[in-house]
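The values are calculated or read from the model by the stated rules, or taken from the named source; none is laboratory data. Quantities reported herein were computed from a predicted structural model and do not represent experimental measurements. When we count neighbours, we look across all protein chains shown, and the Cβ atoms used for this are built from the backbone with ideal geometry, even at glycine. Each accessible area value is taken on the protein alone, full model and side chains, heavy atoms only, with ligands, DNA and RNA left out. Shrake-Rupley method; radii C 1.70, N 1.55, O 1.52, S 1.80 Å.
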Amino acid sequence: MARQLKDIDLLGVVGFDDSPFVVVYLESMSRVRSVINAQIDPLKPGRQTYFLPAMLEAKRQLERVNASRKHILLLSDGVTRGSQGELVDLVNTMRSDSRITTSAVAISNEADVRIMKRIAQYGGGLFHHVVDPSTLPQIVLEQLQDKRKDEPQNEPPLIPFQERGSELLSGFSH
């Protein structure tokens, strides 16, 4: 995946179990490309998770940088301690106040798909559900390349025209 990113792209990784830990501090790919895989590979699922503090750490790191697009990609089974309402409030606030979008990838058959979908919905991002973890690299790459939902999609401009005989527009002159 790291090969697909440009040297000027920024990437950071925050891991979590019952507390967050920074795996890769938010940095340009030119600085972390050579070590990124070695730092991410040891991450393995396990133990109970609490991802609200990890998302707060990701938010703190993103707020410190000047970037045109700021995005969090949450990879989890969605089973977490704490209030689901707090998670939804956090991603909604990040989106509206800091222009940080959040996507969610639910991993496993037993994933809490409902909360992961809500995180993506309120975070302005995309949602994926995967059972086979080998599909994760492709999904992560798609997330990095996708535009936010609120970004223009390079469509031609809308040019209105008046149809002759329109009752709605009959009072306006041509």
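Mind grabbing the accessible area of Asp89 for me, 1.4 Å probe, Å², rounded to tens? Asp89 has an accessible surface of roughly 100 Å² with all protein chains in place.
Just in segment 1-104: which trypsin sites (Lys or Arg not before Pro) are loop by DSSP and have at most 11 other Cβ atoms within 10 Å?
Numbers: sites: Arg3, Lys6, Arg31, Arg33, Arg47, Lys59, Arg60, Arg64, Arg69, Lys70, Arg81, Arg95, Arg99; in loops: Lys6, Arg33, Arg47, Arg64, Arg69, Arg81, Arg99.
Those satisfying the criteria are Lys6, Arg47, Arg64, Arg81.
Our analysis of segment 1-148 gives Rg over Rh at 0.92, with the two radii drawn from alpha carbon positions and Rh computed by the Kirkwood formula.
Most simply put, segment 1-144 has about 35% antiparallel DSSP beta bridges, counting only bridges with both residues inside it.
R0 = 41 Å: FRET efficiency of Asp77 with Ser34, Cβ-based, nearest 0.05? The partial results should precede the final answer.
Numbers: r = 31 Å, r/R0 = 0.75.
Given R0 = 41 Å and the Cβ-Cβ separation, E is 0.85.
Which loop GluC sites (Glu not before Pro) in segment 42-146, with loop taken from DSSP, have no more than 16 other Cβ atoms within 10 angstrom of their Cβ? Here the GluC sites (Glu not before Pro) that fit, given the DSSP loop and packing criteria, are Glu110.
Taking the Cβ of Asn109 as the centre, find all other residues whose Cβ is under 14 Å away and add up their charges (Lys, Arg: +1; Asp, Glu: -1).
Working: positive: none; negative: Asp77, Glu110, Asp112, Asp132.
In short, -4.
Across the protein chains, with a 1.4 Å probe defining accessible surface, the residues Phe21, Phe127 rank Phe21, Phe127 from largest area downward.
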